[in-house]
Amino acid sequence: MRKIEITTMSDLPEKIESIRVSLERIYGAKLNVEFSALPVRSLCPTEEFLEKDKLALILMKILNEGYKVPIITVRKGGSYYILDGHHRSYVLLKMMEEKTESYVVRFPDEVSYRAPQKRPLEDLPILDVAPIEDSILKAWSQIITLLKYYEAIYGAPFYLKIEDAPISDVVPTQPQVGGKQVSSINKILVPIVCLKRHGKYYILDGHARALKAKQMGLSCIRSVVLTSIVDVDYGIIRTVNAVGLRSLDDISIVE
């Protein structure tokens, strides 16, 4: 498995200074760095793609560890171009965060930053740059996979809401789960992924984890809910209702 490098608070000062010095050499001008809270939707990418395994790792660290490291940007006009922090900016955007902390490199009035063509951060393709061998990280990456899948089939942006789903309101979308899948889980380390409709949580990924939570006597399970800004009639929910799946009690555990 490849080593995924993410910025930490300890190496952030060195990274800021390295970027500032590099840009000063390129542009031949003295640059200042300011600290600010920026609207996430004002951010523009300077990279061509995002890496799925890195997105999964950052999402996991944000939800499990409270990972929160400022990004580094450069201002041009009313827009801010990301120099460091594309992946954490994308995750925050998809979690519907309004602002993010940033160190902003400021150019003098007489010098203009040569920005790439402006485009939305959400438009960047997400690539599988390397196989994900770690089973936990692979499960987290499934959240990103499902997010992009639903955006593709419904032609609309989807976002992530983190909720504690009551076990009694969790609805399966498949009739069977392997017993070994359930018994191999000792601790629930990854949220289930759901669609939510009329107070019910329809599982897209994590049936075994949901069943394990029920067996453990938990009243709730952490859930990542995929939600869209437009009203969507989900075909999978129609199918589930048609076949009569209503609760986790309707799942058969097969050996």
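The values are calculated or read from the model by the stated rules, or taken from the named source; none is laboratory data. These figures come from a predicted structure and were not determined experimentally. Counting neighbours? That spans all protein chains shown, and the Cβs are built from the backbone with ideal geometry, glycine included.
What pairs come up if the first residue lies in segment 21-34 and is in the same structural domain as ILE82 (by TED's automatic domain parsing), the second is part of a helix (DSSP H, G or I), and their beta carbons are under 7 Å apart, counting only those six or more places apart or on different chains?
Once the first residue is in the same structural domain as ILE82 (by TED's automatic domain parsing) and sits in segment 21-34, its partners that are part of a helix (DSSP H, G or I) give LYS30/GLU24; LEU31/ARG20; LEU31/LEU23; LEU31/GLU24; VAL33/ILE16; VAL33/ARG20.
Of VAL74, VAL21, which residue is farther than 30 Å from LYS187 by Cα and surrounded by 15 or more Cβ atoms within 10 Å (Cβ to Cβ)?
Residue meeting the stated conditions: VAL74.
Please indicate, with yes or no, whether at least one residue in segment 109-125 is within 22 Å of LEU63 (Cα to Cα) and free of Cβ contacts under 8 Å to residues at least 60 places away in the same chain.
The answer is yes; a qualifying residue exists.
So LEU211 passes all but one of these: (1) crowded, with 21+ Cβ neighbours inside 10 Å; (2) touching a His at 6+ places or on another chain (Cβ under 8 Å). Which condition number does it fail?
LEU211 satisfies every listed condition except (2).
Tell me the strands (runs of 3 or more DSSP E) entirely within segment 166-249 that contain at least 1 residues that are in contact with a helix residue (DSSP H, G or I) (Cβ under 8 Å, 6 or more places away or on another chain) and more than 26 Å from ILE153 (Cα to Cα).
Those strands (runs of 3 or more DSSP E) span 176-178, 220-228.
Within segment 199-238, can you find the residues that are of a type in the set (Gly, Ala, Ser), on the phi < 0 side of the Ramachandran plot and more than 20 Å from the chain's Cα centre (by Cα)?
Selection gives ALA208, ALA210, ALA213, SER219, GLY235.
Report whether or not PHE35 is more than 23 Å from VAL193 (Cα to Cα), touching a Leu at 6+ places or on another chain (Cβ under 7 Å) and either at pLDDT 95 or above or acidic (Asp, Glu) (or both).
Answer is no for this residue.
Kindly indicate the residue of segment 110-165 that is part of a helix (DSSP H, G or I) and touching a Pro at 6+ places or on another chain (Cβ under 7 Å) and also nearest to GLU48 (Cα to Cα) among those meeting that condition.
Checked segment 110-165; the qualifying residue nearest to GLU48 (Cα to Cα) is LEU121.
Restricting to segment 94-108, name every residue that is closer than 25 Å to LEU57 by Cβ and among the charged types (D, E, K, R).
Selection gives LYS94, GLU97, GLU98, LYS99, GLU101.
Could you say which residue among ALA56, ALA139 is in the same structural domain as CYS194 (by TED's automatic domain parsing), of a type in the set (A, V, I, L, M, F, W, C) and either surrounded by 13 or more Cβ atoms within 10 Å (Cβ to Cβ) or more than 15 Å from the chain's Cα centre (by Cα) (or both)?
ALA139 is the lone residue from the list that is in the same structural domain as CYS194 (by TED's automatic domain parsing), of a type in the set (A, V, I, L, M, F, W, C) and either surrounded by 13 or more Cβ atoms within 10 Å (Cβ to Cβ) or more than 15 Å from the chain's Cα centre (by Cα) (or both).
Going residue by residue through segment 178-194, is there one that turns out to be more than 23 Å from GLU97 (Cβ to Cβ), buried (at least 20 other Cβ atoms within 10 Å of the Cβ) and touching a residue at least 12 places away in the same chain (Cβ under 8 Å)?
no
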